[in-house]
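The values are calculated or read from the model by the stated rules, or taken from the named source; none is laboratory data. This structure is a prediction, so every number in the text was calculated from the model and none was measured. Don't worry about glycine lacking a Cβ; one is built from the backbone with ideal geometry, like all the others, and counts go over all protein chains shown.
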Amino acid sequence: MTSPPILQVDELSVKYATSRGPLTALDRVSFAIPQGRALGLVGESGSGKSTVLLALLGLLGPEATVAARSARFRDADLFGHGAAAVRGDRIGVVFQDAAAALNPALTVGLQVAEPLLVHRRLSRSAAMRRAIELLGEVGVRRPGEVARCYPHQLSGGMKQRALIAMALSCEPDLLLLDEPTTALDVTIEAQILDLLEALRSRRGLSMLFVSHNLGIVERICDELAVLYAGRVVEQGPTEAIFARPQHPYTKGLLAAVPRVQRDRMTRLAPIPGGLPDLTQPQEGCGFRSRCPFSVAACVLPQTLRPGAGTTLVRCHRSAELTEEAWPAATEPAAARRPDTGVRIIEGERLTKTFRLGGFLRRLRFDGGFPLLRPARELRAVDGVSLTIRPGEILGVVGESGSGKSTLARLILRLLDADGGTLRYKSMPVPRKPDREFRRRAQIVFQNPESSLNPRKRVGQILARPLSLFGGSGGEDPERHIERLLTLVRLSASYSDRFPHQLSGGEKQRVSIARAMASEPEILVCDEPVSALDVSVQAAILNLFADLRDRLGVAYLFISHDISVIAHLADRVLVMYGGAAVEEGKLDEVLHPPYHPYTEALLSAVPLVGVRERASQRIRLPVEAMEPGKGCRFAPRCPRRIGALCDEVPPPVREPTPDHRIACHIPIAELESMEPVLVRRGS
Amino acid sequence: MIAYTLQRCLYVVVVVWIMSALIFGITQLLPGNVAYAILGQYATNQQIAELEQLLGLNDPWYIQYWRWFSGMLHGDFGRSVVMQRPVGPLIFEAFGRSAILAGITITLVAVIGTWLGVHSATHRGKLSDRVLTLAQYFFIAVPEFFWAILAIILFAVWLGWLPATGYTPIGQSGVGRWLAHLILPVTTLVCGLIAHVSRLTRSSMLETLRSAYILTARAKGLPRRLILRRHALPNALLPTITVLAVDVGILIGGVVVVETVFAYPGLGRLLIYAIEHRDIPLLQAGMMLVTTVYAIANLGADLLYAVVNPRIRYGRSAG
Amino acid sequence: MVAVFILLAMTGPWIAPFPFDQFDMRARFDPPGGLHWFGTDEFGRDVFSRVLAGAPYSLIMGFGATAISLAVGVPLGLAAAYYRGLAGELVMRAVDVMISIPPILLGLLILAVTEPSLWKTIVAVGIVYIPIMTRIARSVALGLLVEDFIEAARARGETAGYILFREILPNAWPPIIVETSLRVTFAILLGSALSFLGLGAQPPLSEWGLMIAGSRPFIEQAPWIGLAPGLALCVLLIAINLLGEGLREFLDPRLVEGGRA
């Protein structure tokens, strides 16, 4: 006897009134969540997944028209009169950005206790007591103290836990989550996901989990609904969908995700094109303009029909396409230029320290005497050495605060280093480098929105480095710009456009074109694909690979996403707390011997299709004390030996030539670690 | 928090000190000879020279400055050249009367302005909001002295309800009369400032209502009033505190004008008088008082802001 | 609307039916109507003509003073934002101190020093508003300096001058322009207030603030002497305000919208 689904949505539609006409954000979306199960809503930006959440809660503004055949929570109609009572009481919500979702003017404890005060009418003290209990349950240490704190005093992970505690306060039956871990570091994210899983089994919670991250969704959700352009295109058990995607879009998504175990030489298969204009009614299949399998019949309206197994698919060709994979990228990897031995960049023991706290903030009164505390120092980069050879891609991976962005700027002399040397082609690079260096070393940034001057046209943006560095002697600048645009797969017509007329992926391409204009030998890329959707990301990563193959450009490629690094890099540098903890060839870093941090990092990353991960998950303790003079990682290291790690800087060991690990633990022990990723034959 | 307070106090001291130097410097540039002004047209050159010597006007400027500054610190503000009286009591009395005007005005502006702004924001788009917004535009554009004239014409001349000028202390003819003298000037001042405050409060409130934490509050199913009161207001009112401090500065300007129009015997009118008659000691002392008061008001606003805003109050302490 | 005013201001002195300082003692205190549209003042001068003649003063006051504060304040602010070191800090401290002084006092102080006149008022008002312009320019520039395209420029080895004027300034204009329109209204207000107090324009100029001041003794008899210029002032200020609002709306979405490719 199956219990009724806890949430049942039937043909939910949302339309926005815009200046260009009504925009259909959601088009008759239907799904049901059985009790105690977790449903994932997957899609990229513009798919409408967040809108579903807001619409169900009645939180959309007056510009949105919400209509549904029915939307029931248990027995209550969500759009009826009793709906408001259910919010916060039987349904809990966790939003994405904890820093923004918490009211900065109220204590955390009060915010967690509020639903209890309102819905359960507890007394103030009883509610606060319960709030402290809840905070403890979600893994906050010293919950009593934290409850009295204000949001800005807590770290990102703690804030997110507080949000979860807040959502759980009235013991809801259903939890709605909108990208709850996107803003967090990977290791913290893993802890939060652990917490969610534990809560689910302990309390029998049902969940609606919205995310664009396929790895997370695979881990947490029992069922999936894939959204594209406001419609559900595929829906069914998670395992089935991942093993055998049936809708072309799902196939495309899975093909575009960079994976750690894939043979590095292959190109990712991006999904060409962009979202359809949602102000126009979609005739037939919304995906057909981008679908490699589309035929004439795709113009007809598509319905959600049962496909293989219990999955529902919105594609009339799903049966015949069952065995077909998303077409692989056509260009095989060309042979790379060999290593010529002259190193492009050599950095030795680069260090950068920031001083915090002005004079008056350091003033302290101790028994009536004014004392000056020493200024707090932040060691952003601590004695990092690296080498990059021509045509080589060095991937730098680390979490926030690891110093990787600072390192990038040190390499380019955009920041002055406090210590260490930097050499370019064996010549030392001065503090104010000359034009030649500037020409040969360029940078691409993470955020496409701020990378381009909004007041300049694309053509002007590209013309500037050309005129500055002299172009390629005598060639007509316009032709040169055209060439650059072609290099990044944009048509010449883009030259007249302004940045705000371009999509995120297109803006990044222009950024890359601008960087390539001076014919650099090394390109520093600071998280260049982190802000892009998966399908667009794939195309840009392919572009990077192409540039490397055809022009022999070397890269310093920074990312917090190890899958991306694994896809592109030849060698990897792992950073933690400003220090380099491991460096070596990609293969060697991904497999034991590991630095303990690398091990934890690999263990935490939600990877797609890695169900066969080693069962033991390494989890790092929540918050740490200031590291001492020894290893930066020691306070959180699960393999910490003892006081030695805290006090003495770890030696650099080389288990194999050119593979370095900075750790006190002897090599033999490191080599005997369990591999986190099971080696899969390609 | 302590460090912050100290920092601000130090700052005020520095500002006041620099202002004193500025004021002193500028007044030294005033044309006209002080001794001449005191003794009158028929004084002989010798008498002038003697008086100059007596007043120490021949000493180098830094000595004169120091004399003046240290004098002030001891409470000695010099003697008014024109009125032949010690300046100190003169300005403090006038200041008291101006302070009544200013104090009442700021209180009214703060309370009514904020309330109007919040009301406008919460009833956005409705009739009351539109009317208020329109009124705001109008009020902001009108200069103070015009209000004053208008008010006088309306209330004093045509309707004859209220006295147009002057002032009577409470002791003399009772509260009613005293109040009557105050109403017009205060109303004029309030009109000048209120639009500014209500406009800013409105936009601050609107922006706050758009933020993510309000969405969270709504998702928690909290009743609308509670959200407004506990979640929105504390955040929305922060910029209002800042703007009130700025308004004190504008108020000072307004007070000068209003006192002139209504012949209200306050500090502003005294200052104008001092400028017209080149009464340097009076001018210097008056300016110093005004700037000091303004600086302290700003300090008060800064500290109030810091107290209300937990980010400044606590900094990053807990783990 | 502002255009209408500017037009009037330019042609005012010519189309005025009477010269603004022509006395006509017989017609003293004529109420509005008939020959004299706004009536006459205590000297028999036509109020309407005087109001018209006063328009250019207010306009010049507003725009002139604002232009001064822009010309000095903006480069100063931009430079202070770029050169964050000691020099930048000093400039900002000086600015903070100047802002600490209520504007009217500063204006009074400056004007008290010399013989007042219209031009000196304009300069004084301009000087009074320099610190505010500096601060605004600086905060806008600071916001822009952290954008990535600025860092890209630095990675190209661009000079400070180029970055400030070719990358930042074109992006900084919108907020500065919006603020400018606000400043113009304040400048006009301050200027007329100073004239009202006797320290700005001097008689027999028909500057509006001055006219209002001059009308005070005759309020009961002939209120139109003060009302006319007052109303004109109001209308002008409202017009400029509206212009400013319109500018702000115009500039904002232009950057944001534009449609996707």
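For the stretch A:156-169, the criterion of being more than 19 Å from B:I214 (Cβ to Cβ), modelled with pLDDT under 85 and buried (at least 20 other Cβ atoms within 10 Å of the Cβ) is met by at least one residue. Whether any residue in the stretch A:413-425 is closer than 22 Å to C:E147 by Cβ, within 13 Å of chain C (Cβ to nearest Cβ), modelled with pLDDT of 85 or more and surrounded by 20 or more Cβ atoms within 10 Å (Cβ to Cβ) is what I want to check. Checked against the condition, which is being closer than 22 Å to C:E147 by Cβ, within 13 Å of chain C (Cβ to nearest Cβ), modelled with pLDDT of 85 or more and surrounded by 20 or more Cβ atoms within 10 Å (Cβ to Cβ), the stretch A:413-425 yields at least one hit. Evaluate the following for C:I150: is it part of a helix (DSSP H, G or I), touching a residue at least 40 places away in the same chain (Cβ under 8 Å), within 14 Å of chain A (Cβ to nearest Cβ) and more than 23 Å from the chain's Cα centre (by Cα)? Against the criterion (part of a helix (DSSP H, G or I), touching a residue at least 40 places away in the same chain (Cβ under 8 Å), within 14 Å of chain A (Cβ to nearest Cβ) and more than 23 Å from the chain's Cα centre (by Cα)), C:I150 does not qualify. Pairs linking a residue in the stretch A:132-143 that is within 12 Å of chain B (Cβ to nearest Cβ) to a residue that is modelled with pLDDT under 85, with Cβ atoms under 7 Å and 6 or more positions apart or on different chains, are A:R141/A:V622. Answer with yes or no whether A:P528 is closer than 29 Å to A:L407 by Cα, within 12 Å of chain C (Cβ to nearest Cβ) and either touching a Gly at 6+ places or on another chain (Cβ under 7 Å) or surrounded by 21 or more Cβ atoms within 10 Å (Cβ to Cβ) (or both). Yes. Among helices (runs of 4 or more DSSP H) entirely within the stretch A:455-574, having at least 2 residues that are among the small types (G, A, S), touching a Lys or Arg at 6+ places or on another chain (Cβ under 8 Å) and farther than 25 Å from A:R440 by Cβ singles out A:562-568. Between A:E189, A:E197, the distinction of being closer than 18 Å to A:S603 by Cβ and in contact with a Gly (Cβ under 9 Å, 6 or more places away or on another chain) belongs to A:E189 only.
Scanning the stretch A:148-157 for residues that are assigned to a helix (DSSP H, G or I) and more than 8 Å from every other protein chain (Cβ to nearest Cβ) returns A:P151, A:G156, A:G157. When residues in the stretch B:70-98 are screened for being of a type in the set (F, W, Y), crowded, with 17+ Cβ neighbours inside 10 Å and modelled with pLDDT of 75 or more, 1 of them pass.
The condition of being within 10 Å of chain B (Cβ to nearest Cβ) and surrounded by fewer than 21 Cβ atoms within 10 Å (Cβ to Cβ) holds for only one of A:P104, A:P34, that being A:P104.
One residue stands out in the stretch A:158-183 among those that are part of a helix (DSSP H, G or I) and charged (D, E, K, R): the one that is farthest from the other protein chains (Cβ to nearest Cβ), namely A:R161.
For beta carbons closer than 8 Å, sequence separation of 6+ or different chains, a first residue in the stretch C:92-104 that is facing chain B (nearest Cβ under 7 Å) and a second that is aromatic (F, W, Y), the qualifying pairs are C:S100/B:Y294; C:I101/B:Y294; C:P102/B:Y294; C:P103/C:Y129; C:P103/C:F186.
Here A:G236 fulfils each of the conditions (1) in contact with a helix residue (DSSP H, G or I) (Cβ under 8 Å, 6 or more places away or on another chain); (2) surrounded by 21 or more Cβ atoms within 10 Å (Cβ to Cβ); (3) under 19 Å from A:K49 (Cβ atoms) apart from (1).
Do we have C:L118 as within 21 Å of the chain's Cα centre (by Cα), more than 14 Å from every other protein chain (Cβ to nearest Cβ), farther than 27 Å from B:R8 by Cβ and modelled with pLDDT of 80 or more here? Considered against the rule, which asks whether it is within 21 Å of the chain's Cα centre (by Cα), more than 14 Å from every other protein chain (Cβ to nearest Cβ), farther than 27 Å from B:R8 by Cβ and modelled with pLDDT of 80 or more, C:L118 comes out as no. Please work out which residue is nearest to the other protein chains (Cβ to nearest Cβ), limiting yourself to the stretch A:445-500 and to residues that are hydroxyl-bearing (S, T, Y) and farther than 22 Å from A:L543 by Cα. Taking the candidates together, the pick is A:S467. Scanning the stretch B:215-268 for residues that are of a type in the set (A, V, I, L, M, F, W, C), in contact with a Leu (Cβ under 8 Å, 6 or more places away or on another chain) and away from chain A (no Cβ under 14 Å) gives B:V243, B:I250, B:L251, B:I252, B:V255, B:V256, B:V257, B:V258, B:F262, B:L267.
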